[in-house]
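Heads up, the thing below is written out as structure tokens.
Coordinate-derived values only; no laboratory data. Just so you know, these numbers come straight off a predicted model, no measurement behind them. Every residue, glycine among them, receives a Cβ derived from its backbone with ideal geometry; neighbour counts consider all protein chains shown.
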Amino acid sequence: MTYNIITLGCKVNQYESQLISEILKDNGFILSDNKNKADITVINTCTVTSVTDAKNRKIIHKVRRNNPDGIVLLTGCMPQAFPDRTSDFDGCDIVIGNKHRADIVKYINDFLTCRKQIINIESHDNKKYEYENLSVHTFDGHTRAFVKIEDGCNRFCSYCIIPYSRGRVRSKSPEVLSEEIKRLADNGYKEIVLVGINLSAYGQGEDFDLADAVDIVCGFDEIKRVRLGSFEPEMMYESLIKRFSEQKKFCPQFHLSLQSGCNATLKRMRRQYNTDEYMKIVEDLRANFINPSITTDVMVGFAGETEDEFKESVEFVKKVGFSKTHVFPYSQRKGTKADTMENQIPKRIKDVRAKTMIEITDSLRRKFLKSQEGRVEEVLVERFRNNAYYEGYTMNYTPVRIYSEKELTGEIVKVKIINSAHDYCIGELV
């Protein structure tokens, strides 16, 4: 039987889709050569916003139209967060939430036997729900491999549904991580990106931490780079940053989630830091690394955000000088505390604030890229684009285009950055 996997959302979801793909392949299923048609279509959902849920439903309906006789399997965060919203499952044959990925073939076989909708969404049980120690061997279509080492979140920010869809913090054991990295190294991967739902909480309640995970990956000679995915300011202590800096393979690119540069807004969001604490982390990163890249997420128009609070957030973003920022307007999310807060901001105001913030962060992006000109950096080449140039990333995740007649894909090459554009740099081989 053939299969397709549609993945929405974060790098953790991408990792879990790779995991599902390997399980299916190991059991004799074949990846379809038609992206729109297959005997089985797995939809791995995200539920970070209500807009995402609408996209999930649209995709379900599209898959069912294209595959009227195929099996549609829904998994991921949406069914896990809202198991009672059964109308979302219309058109799906199997619904399993965020657990039991190892049993996916069993569910497919059960459905083939009974031909009746199967729904098994097990709720999170803090006492019994341990880390799902499944691992990947490869990462299809990528020169770098994402490796999930942490799941869950204990923070319950007022706008966020993720703790309900992912449960509490739990971590992959160092032993299982080491075995997984060895397989990926043996399969030729040179760069590993460690990811998690709340990555900085890796090892919470255990006798290891995120620096230990970095040390493990750096210990493999075949691995040339180790990078962190998005992480939260909590638990990002100066001692941890210092340990990162001691590893030459560690990439100085930090996606440090901000959400707002206003303390009053952060308090309503129930974020567990203030702007002074955030700035201290930024200063520690810049003190310990040469030419680091610090990127972030910024939300505008959160419930109760006044014009003065928005301006305060803008000024803090300027003060930090992020190299890249994902700006997005706040979206009300049922099931969260913020959904029922007073003083919700009208869409027209949120759109204006988002436009203003994007203009500012775009200028910061251009300034950062301009600062890379003249530098000699190593670039991991990922692909040949538009029959014209190679594209890859430096250690600090600056995108670089290289014009060369040599075959460079998958290679780490030394380049001099000679120019910069709106969202990339141009380099020449040294």
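Tabulated results
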quantity: Protection proxy ranking of 192-202, 92-102 - average other beta-carbon atoms within 10 Å, highest first; calculated: 192-202, 92-102
quantity: Distance between region 302-351 and region 382-407 - C-alpha centres, whole angstrom; calculated: 35
quantity: Beta bridges per DSSP with both ends in the chain, % antiparallel, nearest 5; calculated: 35
quantity: Net charge dipole size for the chain [Lys, Arg +1 and Asp, Glu -1 on Cβ; Debye, nearest 20]; calculated: 1160
quantity: Mean separation of Cα contacts under 8 Å, 6 or more apart, over the residue count of the chain: relative contact order %; calculated: 10
quantity: Listed peptides 240-250, 106-116, 29-39, 212-222 by packing density, highest first (mean Cβ within 10 Å); calculated: 212-222, 240-250, 29-39, 106-116
quantity: Cα pair distances of region 376-429 binned at 10 Å [whole percent]; calculated: 29, 63, 8
quantity: Förster radius 51 Å - calculated FRET efficiency between residue 86 and residue 407, Cβ distance, rounded to 0.05; calculated: 0.45
quantity: Stretchable slack from residue 311 to residue 291, in nm (0.36 nm times residue separation minus alpha-carbon distance); calculated: 4.4 nm
quantity: Net length gained if the chain between residue 33 and residue 246 were fully extended (0.36 nm per residue, minus Cα distance); calculated: 72.2 nm
quantity: MRE, 222 nm, helices only [DSSP H, n ≥ 4, -39500 (n - 2.57), over the chain, to nearest 500]; calculated: -10500 deg cm²/dmol
quantity: Rough spin-label spacing in nm, given labels placed 7 Å along Cα→Cβ, for residue 6 and residue 100; calculated: 2.2
quantity: Using a Förster distance of 22 Å, the FRET efficiency for residue 206-residue 182 (Cβ separation, nearest 0.05); calculated: 0.55
quantity: Region 2-119 shape via C-alpha gyration tensor axes, a/c threshold 1.5; calculated: rounded
quantity: Most to least packed among 169-178, 364-373 [average Cβ atoms within 10 Å]; calculated: 169-178, 364-373
